[in-house]
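One structure is given below, encoded as structure tokens.
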Amino acid sequence: MSGKLDLIGIVPQPGPAAPPPIHPAMLRTRSRIVRAMIQAHALAPEQAIAFSPRPSDVAELMKLRKAGVVRETLPGHYWLDLVANHYREQQAGRVRAMWAVGISLVIVGVAVLFYRG
């Protein structure tokens with residue numbers, strides 16, 4: 001409690017500790033599992049949630065666990081490591097950028113071959 005508030009006789013009422021609001025930019029991810037964990041605020045080991053993936057999501061969950069993005073505390077309880085997820089998405093972005101540059105160079109090379117000036 002702030003000393004200033006105490007001096008003027010205002011005491012804030014303790015309320016239920018709600019998780020902070022989720023910024024929409026955090027939900028921009030390709031993974032449905034990551035999006036679900038962010039929405040459930042499972043972002044630390046003590047906030048792990050019980051999660052049983054659908055049969056279509058098992059392969060993605062195993063891939064995320066292998067990358068260290070989704071971690072398991074108790075059997076069937078998972079949480080999302082935001083730092084590992086950010087690093088993984090940065091790496092994927094770099095690969096996509098390299099492919100884009102390579103394809104652009106091929107297109108430019110083909111255009112130069114057909115140029116008649």
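Every number here is computed from the coordinates shown, using simple stated rules; none is lab data. Just so it is clear, the model here is predicted, and its values are computed rather than measured. With ideal geometry, Cβ positions are generated from the backbone for all residues, glycine too; neighbour counts draw on all protein chains shown.
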**OP:** Sort the following peptides by mean Cβ neighbour count (other Cβ atoms within 10 Å, averaged over residues), highest first: 74-85, 103-114.
**Re:** 74-85, 103-114
Subject >> Relative contact order computed over segment 49-112 (Cα-Cα under 8 Å; 6+ residues apart), in percent >> reply: 24
**OP:** Beyond 19 Å, what share of the Cα-Cα pairs of segment 22-115 is found? Please give it as a whole percent.
**Re:** 49
Original post:
What shape does segment 41-84 have by the C-alpha gyration tensor, where a ≥ b ≥ c are the square roots of the eigenvalues, rounded means a/c under 1.5, and otherwise prolate means a/b greater than b/c and oblate the rest?
Top reply: oblate
Subject >> Amide H contacts under 5 Å for A40, placed H, 5+ residues apart >> reply: none
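To the nearest µm²/s, what D does Stokes-Einstein give for segment 63-106 at 25 °C and 0.890 mPa s, using the Kirkwood radius over alpha carbon pairs as Rh?
The calculation lands on 204 µm²/s.
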